[in-house]
Amino acid sequence: MLKLILINFIILIIILLLFFVKFNNILDDNQKELTDHGWILYIIEDCPHCKTQLEDVPKFKNYIIFSKDGKIKSIPNILNSSENNIILNIEDIYSFPLWYNTKTNKKIYGVSDIKSILSIYAKNEE
């Protein structure tokens with residue numbers, strides 16, 4: 001009886017590990033796809049909604065942080081100097097977080113589901 005419980009426990013752990021690895025790969029793929037499609041996330045420091053959005057994309061590096069006084073606090077290393085013209089002024093942003101697509105100029109305000117952002121871009125491509 002103890003062997004059966006132990007075997008079931010081991011099987012459960014293996015299933016959970018496989019699920020975690022698969023889920024992690026899906027997250028990585030989605031975050032890479034966001035970058036490939038030209039999405040940049042604009043956030044402001046100490047914003048709880050911005051923090052929530054960043055938690056949804058923990059490995060996403062294409063985001064710009066504004067300080068409370070409206071100055072750019074951090075720019076991602078991924079952007080090269082020729083892409084700096086795509087950085088929006090804080091006066092052009094109505095609320096945070098903001099997803100901005102550099103290829104289509106599409107703006108999505110508020111905390112958004114990553115899959116819905118990717119599907120919006122796919123619809124724009126059609």
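Below is a table of values for the structure above.
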{"item": "Whichever residue in segment 1-49 is among the β-branched types (Val, Ile, Thr) and over 30 Å from LEU98 (Cβ atoms) and, among such residues, is modelled with the lowest pLDDT", "result": "VAL21"}
{"item": "Test for SER112: is it exposed (fewer than 14 other Cβ atoms within 10 Å of the Cβ) and either over 13 Å from LEU41 (Cα atoms) or modelled with pLDDT of 85 or more (or both)", "result": "no"}
{"item": "Residue ID - surrounded by the fewest Cβ atoms within 10 Å (Cβ to Cβ), chosen from residues in segment 62-75 that are assigned to a loop (DSSP other than H, G, I, E, B) and modelled with pLDDT of 85 or more", "result": "ASP69"}
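The values are calculated or read from the model by the stated rules, or taken from the named source; none is laboratory data. In this text, all values refer to a predicted model and were calculated from it rather than measured experimentally. So basically every Cβ, Gly included, is an ideal-geometry build from the backbone, and we count neighbours across all protein chains shown.
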